[in-house]
Amino acid sequence: MLQLDLLQLIPANLKQAVGDALVDFVSDQAKKFLSDEAAARIKKLRSNAAFNQAFEDSLKRAAGRFVAEYEAQDEDLVAAIAADKEFFNNQEIQAALLAVVRRPGVFESDDREVIAHSFATVLPQRRNRERVDQAVTYLLKCLAEELMSLPELQPIYSLLFQRLTAEAAREQVAIQKAQLQALTGLNTGLREALLQLTEAVAEQKLLPGGAALALPSPPKVFHNLPQPDYGRFVGREAEMAQVVRILRPYPHSQHALVTIDGIGGIGKSALALEVAHRYLRNFDRIPPEDRFEAIIWASAKQTVLTAEGIATRPQVLRTLDDIYTAIAVALHHEEITEARPEEQAEIVRRALTRQRTLLLVDNLETVDDEAVLAFLRELPAPTKAIVTTRHRLDVAYPVRLVGMIWEDAQKLIAHECAKKGVTLTAEEARRLYDRTGGVPLALAWSIAQMGLGYQVEAVLTRLSQPTSDIARFCFEGAVERIQGKPAHTLLLALSLFAKDGSREALGFVANTPELDRDEGLVALEKLSLVNKQGNRFWLLPLTKTFAAGAENPELWQRYVEYFANFCQEQIGPHYWAGSNYDNQLIGPELENLYLALEQAYAKSNWPAVQTIFVGIVHPLALSPVTLSKRIELAEKALVAAEKLGDQEMRAWLHIDALGYALSAVGDQEAALNHLRTGQLIAQEADLSDCLAAAETLLARWALERQDHPAAQQHFEKALAQAITPRTKIRAHRIRAYYYSQRREWDQANGALELVVEMASAEDFHFDETQALLRLGENYLQMNELDLAEKAILRAQAVATEHNWVRQIAKAFLRLASLHQARHNIPLAQNYAEQARAIYEQLGRLDRVEEADSLLQQLNL
């Protein structure tokens, strides 16, 4: 007789699935007829050694029966099945076998067609498909009957699916009791649960009408989620969508683990809990493939922050065993905690793979057990996990939380104020947001403090103290990890920066070698102490407050030194060296340069004050906002020039830095006083270019008054005094503006073309751009639209190359007017809207009004 060794043919995962399904069916009946507790006890059969041995023995008996009984009918096919090593890897066979186990009444009912169907992909080389189908069906019948004959389960199956008289039902109960008493491998709890189930099913059978065919109940979401403590969840919709996208099943997402990281109090736990509760609440509305049938929460949180201070809480999660316990409790799989340590991992794996499970591990950074990380790295499919941590994990998909945006923070502030009976003005709410950087816990804590009776100013002051409860709660543990290391010095260095800092600047200020710098920045980012965008690093306001508590004069000295060197190397020492500045180079550092200059001034470091001011004086001509800053810093630079005895610098500061800027903001009297002072200094020092610049500025003011004779006198004088190409170019520009104002187009355009030629030759691209824009405007007024477009587009290209946003906006506005003249209204509107957006960002409200006026005309 042929031998059919099913234990060798059936893949381990299929054998496991069949065994689990057998137990689960009976466990589901216990849940239906008895209780969840009884069902959980019966599930322990999965890990019962005696039952597993009996299960394997039943497979052997099924194989022996099939060969013995079917060989006489079709010896050839029995041999073919025995020889087919891939027989039980076939998807149709696996599906049919699991159907037999999950619906064990199919061979006892009229529903046998569920199993007896065509197995088209089994032994596909066989032409007589009916023979194949009959043989496979008979094998499945043998398997079903032998599996249902397991001594632990057979009486229950009989009671459920056979038509029995009352006397026969009682006999089955007696048989079950006798069989169970004979099974020495069952513990008392499991034996008692099976006995209770047998009696409950028998009792149901004896009721009028008997028992209906029992099939598994619809799936239920197993969970142990705590209630949210945040009340109404506010904001974070973008981050929520990102997490949900990662939690989608394969192939939509290939990531099993997502970390929500950020500083303490940033809202990591709240976001994770809200994600979980949304899956729970919306179970019926979520597409089936995206649902989670089990959601398990395990928290390692040790402390919480209340209005009264930092409070400790029992830490539920410390080791991998604690995660196993949470899984066991949530899934009602007590056999996990009762199993031997060497068996637990496999039992957990099987428990998780039975359904789509979402595991949430909160505050992972307080867990020291390396086995937890190993477990998370090797999660069995289709399990997904969310981990909240202050320390970024390399193996996970990270979602970094930073401060809330103002719109969301407003809602949170209003919500917390309503809860605590606190009233804040719009200005106070904004100050609270700015001081906290939009950290949710800091907002809630501050309002809770106010609710206890603290005044708004007192709370805002406490937020500025590095020893406050909120600062300690958010950062103390993380900073302790890096004390005495390069990462700590880098953190202190970054706290000095106005907004953010480059990698190079941080390394210099911290006086850290390149390798230590890079490793330190990685450590800070993993600890959520710094945030990174591109190659620049920045701190939340609360982080800056905490880190700045350690005052370090040496760091400030190196901060000033770095930015003085930056200006010396990138710009140069002469006043006009930075007039052709590259905004992509200077723009990101502008606020750091302001701060460095002020620090240098406070320490009477006059060379640094002067060097840094030369680097920023020309970018500060962008708008009324930056012009005001230019005036403030120019007065400090003037003190430095006087201390250094630099007469030429003094002259330029009076004439251009202050004279031009004060005039631009409307203080004409102060502007004229500085210009006259600059002229006197220039005359005494015989500085012809300074004198020419003063005359050029006087000519500009005369043009603004429409005083053409005075303007002509001044620009002619400037042209006579100018020595360097730059000063000559500026004088020719004013000459061109003079003729433009008089609508003497030939002379005006000739002068502008001369300026473009001279500026291009000298690489004075800012002057080139200004002249091209004016040339384009002149051609517009002359209705020479093609020439206008050529000049404006060239100006836009040069401005874009240097990221001169004010000039880009001006070009857009002129192009809008040009396309209005061509009656291309959609394109004109597009340019006008782009110009308006830039001017609004720059704070140029006068230009915003000009753009609005043009848009109104275009919309008529």
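Does Gly659 meet the test of being open to solvent by less than 20 Å² (accessible area, probe 1.4 Å) and closer than 29 Å to Ser604 by Cα? The answer is yes for Gly659.
Determine whether Leu527 is surrounded by 24 or more Cβ atoms within 10 Å (Cβ to Cβ) and touching a residue at least 12 places away in the same chain (Cβ under 8 Å). No, not satisfied.
Taken over region 401-428, the criterion of being among the small types (Gly, Ala, Ser) and either within 29 Å of Leu529 (Cβ to Cβ) or part of a helix (DSSP H, G or I) (or both) is satisfied by Gly403, Ala409, Ala414, Ala418, Ala426. For region 318-377, name all the residues that are open to solvent by less than 30 Å² (accessible area, probe 1.4 Å) and out of contact with any helix residue (DSSP H, G or I) (no Cβ under 9 Å at 6 or more places or on another chain). If the condition is that a residue be open to solvent by less than 30 Å² (accessible area, probe 1.4 Å) and out of contact with any helix residue (DSSP H, G or I) (no Cβ under 9 Å at 6 or more places or on another chain), then Ala326, Ala330 are the ones that fit. The set of residues in region 709-728 that are under 11 Å from Ser688 (Cα atoms) and small (Gly, Ala, Ser) comprises Ala718, Ala720, Ala722. Apart from one condition, Glu476 fits all of (1) at pLDDT below 85; (2) out of contact with any Ser or Thr (no Cβ under 9 Å at 6 or more places or on another chain); (3) over 23 Å from Leu271 (Cβ atoms); the exception is (3). The condition (being open to solvent by less than 40 Å² (accessible area, probe 1.4 Å) and modelled with pLDDT of 90 or more) is satisfied by just one residue among Phe283, Phe222, Phe292: Phe292. In the list Gly520, Gly484, Gly501, which residue meets the criterion of being open to solvent by less than 30 Å² (accessible area, probe 1.4 Å) and either touching a Lys or Arg at 6+ places or on another chain (Cβ under 6 Å) or free of Cβ contacts under 8 Å to residues at least 60 places away in the same chain (or both)? Only one candidate passes the filter, namely Gly520.
When restricted to residues that are open to solvent by less than 50 Å² (accessible area, probe 1.4 Å) and within 35 Å of the chain's Cα centre (by Cα), region 551-566 contains 8. A search for C-beta distances below 8 Å between a residue of region 627-654 that is aromatic (Phe, Trp, Tyr) and any residue that is part of a helix (DSSP H, G or I) and crowded, with 18+ Cβ neighbours inside 10 Å, counting only pairs 6+ apart in sequence or on different chains, returns Trp652/Tyr575; Trp652/Trp576; Trp652/Gly678; Trp652/Cys690; Trp652/Ala693. Can you name the residue in region 226-245 that is surrounded by fewer than 17 Cβ atoms within 10 Å (Cβ to Cβ) and part of a loop (DSSP other than H, G, I, E, B) and is also modelled with the lowest pLDDT among such residues? Once the filter is applied, the top-ranked residue is Gly231.
How many residues, within region 394-445, are open to solvent by less than 80 Å² (accessible area, probe 1.4 Å), closer than 15 Å to Ala270 by Cβ and either out of contact with any Phe, Trp or Tyr (no Cβ under 9 Å at 6 or more places or on another chain) or among the hydrophobic types (A, V, I, L, M, F, W, C) (or both)? So the count comes out to 15.
Where helices (runs of 4 or more DSSP H) fall entirely within region 618-682, those with at least 3 residues that are among the acidic types (Asp, Glu) are at 624-644. Scan region 246-294 for residues that are over 19 Å from Ile327 (Cβ atoms) and part of a loop (DSSP other than H, G, I, E, B) and the total you get is 17.
Could you tell me whether Asn783 is at pLDDT below 95 and more than 45 Å from the chain's Cα centre (by Cα)? It is true that Asn783 is at pLDDT below 95 and more than 45 Å from the chain's Cα centre (by Cα). Residues that are at pLDDT below 80, outside any helix (DSSP H, G or I) and not aliphatic (A, V, I, L, M) within region 31-73 comprise just one, Ser35. The residues in region 446-455 that are surrounded by fewer than 19 Cβ atoms within 10 Å (Cβ to Cβ) and either in contact (Cβ under 8 Å) with a residue 24 or more places away in the chain or part of a helix (DSSP H, G or I) (or both) can be counted, and the count is 2. Can you tell me which residues in region 89-120 are outside any loop (DSSP other than H, G, I, E, B), among the aliphatic types (A, V, I, L, M) and at pLDDT below 65? Scanning region 89-120 gives a single hit, Val114.
Need pairs with beta-carbon distance below 6 Å; first residue within 14 Å of Leu443 (Cβ to Cβ) and within region 227-247, second acidic (Asp, Glu) and open to solvent by 20 Å² or more (accessible area, probe 1.4 Å); sequence gap 6+ or separate chains. Between residues of region 227-247 that are within 14 Å of Leu443 (Cβ to Cβ) and residues that are acidic (Asp, Glu) and open to solvent by 20 Å² or more (accessible area, probe 1.4 Å), the close pairs are Val234/Asp408; Gly235/Asp408. Residue pairs whose Cβ atoms lie under 6 Å apart, separated by 6 or more positions or on different chains, with the first residue in region 674-698 and free of Cβ contacts under 8 Å to residues at least 24 places away in the same chain and more than 12 Å from Trp652 (Cα to Cα) and the second in a helix (DSSP H, G or I) and not charged (D, E, K, R), are Leu698/His714. Being open to solvent by less than 30 Å² (accessible area, probe 1.4 Å) and within 19 Å of Thr353 (Cβ to Cβ) holds for only one residue in Leu59, Leu45, and it is Leu45. Filtered by the rule that a residue be farther than 15 Å from Gln770 by Cβ and surrounded by fewer than 18 Cβ atoms within 10 Å (Cβ to Cβ), region 726-756 gives Gln741, Arg742, Arg743, Glu744, Trp745, Asp746, Gln747, Gly750. Among the residues of region 675-687, none qualifies, meaning not one is β-branched (Val, Ile, Thr) and within 54 Å of the chain's Cα centre (by Cα). Taking region 569-596 as the range and being of a type in the set (Asp, Glu) and under 24 Å from Glu648 (Cβ atoms) as the test, only Glu569 passes. For Val387, the requirement of being crowded, with 21+ Cβ neighbours inside 10 Å, of a type in the set (A, V, I, L, M) and in contact with a Ser or Thr (Cβ under 6 Å, 6 or more places away or on another chain) is met.
For region 49-62, the set of residues classified as closer than 15 Å to Leu143 by Cα and touching a residue at least 60 places away in the same chain (Cβ under 8 Å) consists of Ala54, Phe55, Ser58, Leu59, Arg61, Ala62, listed by residue number.
For region 784-860, the helices (runs of 4 or more DSSP H) that sit wholly inside it and include 1 or more residues that are open to solvent by less than 50 Å² (accessible area, probe 1.4 Å), free of Cβ contacts under 8 Å to residues at least 24 places away in the same chain and closer than 20 Å to Asp767 by Cβ are 785-802. Would you check which residues across region 568-589 are within 26 Å of Leu555 (Cβ to Cβ), surrounded by 19 or more Cβ atoms within 10 Å (Cβ to Cβ) and at pLDDT below 90 and list them? Matches in region 568-589: Ile571, Ile586. Within region 238-267, the residues that satisfy the criterion of being of a type outside the set (Val, Ile, Thr) and under 11 Å from the mean Cα position of the chain (by Cα) are Ala238, Glu239, Met240, Ala241, Gln242, Asp261, Gly262.
Checking Glu346, Glu365 one by one, the residue that is at pLDDT below 85 and part of a helix (DSSP H, G or I) is Glu365 and no other.
The values are calculated or read from the model by the stated rules, or taken from the named source; none is laboratory data. Being a predicted model, the structure only gives us computed values, none of them experimental. Neighbour counts are summed over all protein chains in view; Cβ atoms, including those assigned to glycine, are modelled from backbone coordinates with ideal geometry. The protein model used for the area step is the full one, side chains on, heavy atoms only, and it has no ligands, DNA or RNA in it. Shrake-Rupley method; radii C 1.70, N 1.55, O 1.52, S 1.80 Å.
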